[in-house]
1. Could you please tell me the mean projected area of the C-alpha convex hull for the chain, averaged over all directions and given in square nanometres to one decimal?
2. Whenever you get a sec, compute what percent of the accessible area on the chain sits on carbon and sulfur atoms (1.4 Å probe).
3. Ranked from the most accessible area to the least, with a 1.4 Å probe and all protein chains present, what is the order of Phe98, Phe42, Phe76?
4. Count charges around Arg40 for me, please; just the other residues with Cβ under 14 Å from its Cβ, Lys/Arg as +1, Asp/Glu as -1.
5. Fully extended, how many nm does the chain gain between Asn20 and Arg43 (0.36 nm per residue separation, minus their Cα-Cα distance)?
6. Just to be sure I understand the model, the point goes 7 Å from the Cα along the line to the Cβ. What's the resulting Val64 to Val31 distance in nm?
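The values are calculated or read from the model by the stated rules, or taken from the named source; none is laboratory data. The structure presented is a predicted model; accordingly, all values stated were derived computationally and were not measured. Cβ sites come from the backbone with ideal geometry, for glycine too, and all protein chains shown count toward neighbours. When the accessible area is computed, the model is the full protein with side chains, heavy atoms only, and any ligands, DNA or RNA have been set aside. Shrake-Rupley method; radii C 1.70, N 1.55, O 1.52, S 1.80 Å.
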Amino acid sequence: MTDVRERPPSSPLLQVMWGNAFLLSVLYLLVGIVVELLRRQFRSPLVERLSMALDSLPARALEVVHGLEPLRAAYFDGRISDLGVRVLFGVVTVVVIFLLALVVGAIMGVLRWAILRAASHRGGPPPA
């Protein structure tokens, strides 16, 4: 006999949060790959600006946690390659997107709870 344990039902809000975060992460990484391929093939100012714009999110996130200067030093010392920086930026971006999804989801959950609580005190469902 197998031991089948029932999982508690997960929140639909949590499922939407993780789905959105995953989708945004995949889209960001795909756009980053396409821009990087274009940047290596064509030295266009437009593609260079687009690449810099995509790199600004992970660079600023690393700067906030004081990780940008050590990364910059490692890059200029030759301890990390271009590919290594790209991979690290991709991972940082995915982490930032998931953290933002959690924060927005938590805010939406608190707002939903507050609305439902206020509606239950009035004795009826919230207005549609």
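1. Computed as one quarter of the Cα hull surface, the answer is 15.0 nm².
2. Carbon-and-sulfur percentage of accessible area, whole number: 71.
3. Heavy-atom accessible area, descending, gives Phe76, Phe42, Phe98.
4. Neighbour charge sum, excluding Arg40 itself: 0.
5. 5.0 nm
6. My value for the distance between the label points is 1.8 nm.
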